């Protein structure tokens, strides 16, 4: 194909990527954005295959068939509640693919006996080593994130005080080894050292990060995979891979920063891990609750909802675990049929990945306009008759506003405690990812509806129908 035609198609693909990302910024346009981005990737792949004049398409076809089969199986079998784990796997595979491209490029030059210290090869090897370092860190870090999300590893921070200095040391060793490889001072042995150190670094970076920070970690690893892909694009001389990788890397960094602000965390603490000082900041749940928790029943809660003009539903990971999104939608429909205004207040880090609650509610066909951000919801809680919290613990914890000694102090939360009545649907009084009790449960205006989230909401809906 003509070089100009190829570049025009690459420009079209890049434009579709940008439009796709723009569409993903709003739930209402997310599906269209996803399709545009997928179309852009299809254009990029087809044009690249034609550009490289592949002699034998057998392996390409086999890869496409195998990938399509795996994708179809995963799409059918992976539950929406496991999407964070799925994203972690995909991030890791992206990093692993970049590592593979970089390794193939480096060993190809090494096998041909090229002068690795030459200016041109130094530039190419620089991109290759960057892809190796970031891709490998992404691969092993994503594996740890998956293990924590899947509860193969404990969700709490794992490590020791001063672990960030270990991480810094590993990073310096990796950079020094990469420089030796770029300048031709090291060979295959040095490459193996770089991969090994980067694998360890990925593990030690993510292990000290607790489950509450998983949305930040996933966004950050997504950014890493994009940067590694851009570096792989430089190695291959592929413009569209450079552009798409840069877009993923930049958008991932922006999303990471948004998540950090939402959790009152600095990006540096997420990058190097911040060990929670559990002993110094431990809070006795018995002291917080002191027998003040009021248990309720679906019939009693239905009486609270009877005549309520405004109800706000706050979804959390408990809703995802119980797969209660469809039951929640039916509850909202029932309330709206009685003339009640119903909205959903969504915290930026509710769940285990950015947009987790939006995805679940959209799957249950909740109207996009009913999903409100924290900034939109907080001013209206004081005018809300009933706030229904479904498994959202840390993002509704008043300790973030009131207890300066709390590990989550300063984190923006949903001010559900300001509603006239609060109903908390949970299995028990167990803490959230941050490991802290929630004083909201003991407030005078709050009642607990204990039980499985899905069943509790279904029982509440049934009670409303019986009272009608």
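Here, each number is a calculation from the coordinates, and none is a lab measurement. If you're wondering where the values come from, they're calculated on a predicted model, not measured in any experiment. Glycine gets a Cβ as well: all are built from the backbone with ideal geometry, and neighbour counts include every protein chain shown.
Listed values, structure above:
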{"read-out": "Cα pair distances of region 285-467 binned at 5 Å [whole percent]", "value": "1, 9, 18, 24, 23, 15, 7, 2, 0, 0"}
{"read-out": "Histogram of C-alpha separations across the chain, 10 Å bin width, %", "value": "4, 18, 26, 23, 15, 9, 4, 1, 0"}
{"read-out": "Proxy reagent accessibility, fewest Cβ within 10 Å first, across 413, 89", "value": "89, 413"}
{"read-out": "Nearest-0.05 FRET efficiency for residue 62 and residue 306, computed from C-beta distance (R0 35 Å)", "value": "0.05"}
{"read-out": "log₁₀ of I(q)/I(0) at q = 0.10 Å⁻¹ - region 1-109, Debye sum with one point per alpha carbon", "value": "-0.41"}
{"read-out": "Sorted peptide list for 172-180, 415-423, criterion being average Cβ within 10 angstrom, highest first", "value": "415-423, 172-180"}
{"read-out": "MRE, 222 nm, helices only [DSSP H, n ≥ 4, -39500 (n - 2.57), over the chain, to nearest 500]", "value": "-20000 deg cm²/dmol"}
{"read-out": "Difference of contour (0.36 nm per residue) and Cα-Cα distance, residue 462 to residue 444", "value": "3.9 nm"}
{"read-out": "Convex hull volume of region 377-455 per residue (C-alpha atoms, cubic angstrom)", "value": "89 Å³"}
{"read-out": "Spin-label pair residue 295/residue 77, simplified geometry with 7 Å Cα→Cβ offset, distance in nm", "value": "4.0 nm"}
{"read-out": "Label-point gap, in nm, between residue 151 and residue 428 - each point 7 angstrom along Cα→Cβ", "value": "1.1 nm"}
{"read-out": "Sorted by Cβ neighbour density within 10 Å, fewest at the top, the residues 409, 57", "value": "57, 409"}
{"read-out": "Region 86-272: equivalent-ellipsoid semi-axes (sqrt of 5 x gyration tensor eigenvalues, Cα, Å)", "value": "29, 18, 13"}
{"read-out": "Order of 430, 296, 225, 244 - criterion: other Cβ atoms within 10 Å of each residue's Cβ, fewest first", "value": "430, 296, 244, 225"}
{"read-out": "Tail weight of P(r) past 17 Å, computed on alpha-carbon pairs of region 280-367, percent", "value": "60 percent"}
{"read-out": "Relative contact order (%) - the chain, alpha-carbon pairs under 8 angstrom, separation at least six", "value": "14 percent"}
{"read-out": "Scaled radius of gyration (Cα, divided by 2.2 N^0.38 Å) that region 25-79 gives", "value": "1.47"}
{"read-out": "Along each principal axis, Cα extent of region 200-269, largest first, Å", "value": "39, 27, 16"}
{"read-out": "Inter-site label distance for residue 12 and residue 26 at 7 Å from Cα along Cβ, in nm", "value": "2.7 nm"}
{"read-out": "Stokes-Einstein D (µm²/s) once Rh is taken as the Kirkwood radius of region 154-228 over alpha-carbon pairs, at 20 °C in 1.002 mPa s", "value": "156 µm²/s"}
{"read-out": "Relative contact order %, region 86-272, counting alpha carbon pairs below 8 Å whose residues are six or more apart", "value": "29 percent"}
